[in-house]
Amino acid sequence: METRSVGFLGFGKYIPEKVLTNYDLEKMVDTSNEWIVERTGIKERHIAAPDQATSDLAFNAAQQALVNAGITAEDLDCIIVATVSPDMLFPSTACILQDKLGAKKAAAFDLSAGCSGFVYGSAVASQMIASGLYKYVLVVGAETLSRIMNWKDRNTCVLFGDGAGAAVLGPVEKGYGIQAIELGAEGKGGPSLYMPAGGSRKPASHETVDAAEHYIHMNGTEVFKFAIRIMVRTTNHLLEKTGLTKEDIDLIIPHQANSRIVDSAAKRLKLTPDKIMIDLDKYGNTSGGSIPIAMCEAAEQGRYHKGENVVIVGFGAGLTWASMIIKWQA
Ligand code: UT7
C-alpha cells in the first residue's frame, strides 16, 4: 500500500504571562544570574497563573495551531498531548483538551516520553495519517513544570519553565514532509530524571510529601552527557536513512534544555549558529513544550522554506530520544 506524505500544517504556542527572571531566583535559592546564564544560557522563564493547568496552556496553543492550519476543531481525527505534568493522573489531558476544543470526533490520549514527547507524538501522528487511518492530528506539548518543581533545589528550579506548543499534522504534497524518524529509549537511565512518588510504586503519603518526592529529581551531569551523545548520534542516523549530508541540514530545532548541550552537539555536527533555532534564553526548558514552541517561533520568524531540510531532535526523561527530518512543504 502506498503511504501518504505527511507534514506540519500549522503551529501555535502559549506562554504564560508571569516572568521569573534569574534575578528573582537569586532571592529564592543560592544562585546567581551569572551562574545560570553561563552554565545554561537561560535568562528567564514563564510561570503559569495559579488557576492555569496544563490543559489551559494546551488549549490556547491548540486554538492558534488550528487557525494557522486553516482547519477547525471538528476536523480533528485525533489529539495527542505529550506531557509529564498532566492536569491529573487520569483522565488524560488530551481528553480534557478534546472537550475544551469541542473536537467531537477526535480520539484523544496522552503520551509520556519526557522532553522527547512532542517528537514521539508527531511520529505516531504521522503514521496514523500516512496509513490513511486519519487526516488531521493535533499534537500538543504542554507543561506546568512549576507545579512539580522543588523551589528549594537550585540544581533543578533554575532550569525549567511553563508553556505549550501545538501543531496540526496532515497530508502534504507528495515527496515533502517527514522523510525519516528515529525514536529511542534507554530505560536504565530512568533514575537520572524522575519523580519518585505519586505512582503505584510509592503512592502519595505524608512521608512522600515530607521527603519532597513529588518533585523533579535529576542527575544533571548524567542527562547532560546523554543529551550530547544522543543528539549527535540520532541526527547522524537520520542523515544515513535519507542519504543526506550535514551540509544539507538547513535548520535544526533541538530540545531547548541548555545552550551548552546545543552548542556542543552543533559543533560535533559542524552546524553553524545560523542553522540552529534557540529560544531557551526566554523560556527555559519547557520539556514537552520546548520543541513545538521553538517550531512555532521558527514559523513566526519565516525560517521555513519549501524544499529545505529541517531536523527536530529531543531527549529527556525515560531516558528517551526522538528525531525527525522534514523536507519542508510550501
Ligand atoms: O530536558 C532534560 C532535562 N535536563 C537537562 O537538560 C539537564 C542537563 N544538565 C545540565 O544542563 C547541567 O548538568 C546543569 C545545568 C544541570 C548543571 O551544570 P553543570 O555544569 O553540569 O554543573 P554541576 O552540576 O557540575 O555543578 C557545578 C557546581 C556545583 O558546585 P560544586 O559541587 O562544584 O561546589 C553545584 O552545586 O555548580 C553548583 N550549582 C549551582 N550553583 C549556582 C548547581 N546548581 C547551581 C545553581 N546556582 N543553580
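Miscellaneous remarks
- Environment charge at residue 329 (Cβ cut-off 15 Å; Lys +1, Arg +1, Asp -1, Glu -1): +2
- Computed log10 I(q)/I(0) for region 6-175 at 0.18 Å⁻¹: -1.02, from the Debye equation with unit scatterers placed on every C-alpha and solvent omitted.
- Remark: the residue 225-residue 200 segment gains 6.0 nm on full extension, using 0.36 nm per residue and subtracting the alpha carbon distance.
- Using only alpha carbons, region 115-237 has a radius of gyration to Kirkwood radius ratio (Rg to Rh) of 1.05.
- Once exposed loop trypsin sites (Lys or Arg not before Pro) are cut out (DSSP; at most 12 other Cβ, 10 Å), longest piece of the chain: 28-103
- If you bin all the Cα-Cα distances of region 107-184 at 10 Å, starting from zero, the percentages per bin are 16, 41, 25, 13, 5, 0.
- Note on region 264-322: the alpha carbon radius of gyration divided by the globular reference 2.2 N^0.38 Å gives 1.19.
- As a calculated quantity, the FRET efficiency between residue 308 and residue 29 at R0 = 41 Å, using C-beta atoms, amounts to about 0.45.
- Dipole magnitude for the chain: computed about the Cα centre from +1 point charges on Lys and Arg Cβ and -1 point charges on Asp and Glu Cβ, it is near 720 debye.
- Relative frequency of Cα-Cα separations exceeding 12 Å in region 191-239, percent: 68 percent
- Label point distance in nm, residue 208-residue 185, each placed 7 Å from Cα along Cα→Cβ: 2.0 nm
- Candidate membrane-span-like segments in the chain, meaning DSSP H helices with Cα atoms spread over at least 20 Å of their own axis and a Kyte-Doolittle mean of -0.5 or above, are 54-69, 220-242, with no membrane implied.
- Listed residues 6, 107, 70: farthest to the positive end of the dipole of region 6-175 (Cβ charges): 6
- Under 11 Å, Cβ to Cβ, from residue 259 - net charge with Lys/Arg +1 and Asp/Glu -1: -1
- A Cβ-based charge dipole, computed about the Cα centre of region 178-330 with Lys and Arg at +1 and Asp and Glu at -1, lands at about 420 debye.
- Net +/- balance of residues flanking residue 167 in space, Cβ distance below 13 Å, scoring K and R +1, D and E -1: 0
- Entries of 135/174; 174/306; 27/225 with Cα pairs more than 24 Å apart: 27/225
- Taking the DSSP beta bridges with both ends in the chain, the antiparallel portion is around 70 percent.
- Low-density loop cleavage sites - chymotrypsin sites (Phe, Trp or Tyr not before Pro) in region 89-169, where at most 15 other Cβ are within 10 Å (DSSP): 151
- For region 178-327, the fraction of alpha-carbon pairs in successive 5 Å shells from zero, as %: 2, 9, 18, 20, 18, 12, 8, 5, 4, 2, 1, 0
- Rounded to the nearest 20 debye, the dipole size of region 6-175 about its Cα centre is 260 debye, using +1 on the Cβ of Lys and Arg and -1 on the Cβ of Asp and Glu.
- Helix-derived mean residue ellipticity, 222 nm - over the chain, DSSP H n ≥ 4, -39500 (n - 2.57), to 500: -9500 deg cm²/dmol
- Part-to-part distance (alpha-carbon centres) for region 159-176 and region 1-65, which is given in Å: 15 Å
- Using alpha carbons only, the radius of gyration of region 1-80 set against its Kirkwood radius gives Rg/Rh = 1.18.
- Region 234-279 pair-distance distribution - Cα-Cα, 5 Å bins, rounded %: 5, 22, 34, 24, 12, 3
- Amide hydrogen neighbours beyond the local backbone of residue 276, cut-off 5 Å, H modeled: 252
- An ellipsoid equivalent to region 61-103, defined through the eigenvalues of its Cα gyration tensor, has semi-axes of 20, 11, 8 Å when rounded to whole angstrom and sorted largest first.
- Rounded Å value of the spacing that divides the Cα centres of region 247-263 and region 80-132: 25 Å
- Straight-line cross-link partners of residue 202 among the aspartates and glutamates, defined as a Cα under 16 Å from its Cα and at least 8 positions apart when in the same chain: 210, 213.
- Among beta bridges from DSSP that stay inside region 6-175, the antiparallel ones total about 65%.
Values in this text are rule-based calculations from the coordinates and carry no lab data. Here the structure is a predicted model, which is why all the values come from computation and not from measurement. Cβ coordinates were reconstructed from backbone atoms using ideal geometry, including for glycine residues, and neighbour counts include every protein chain displayed.
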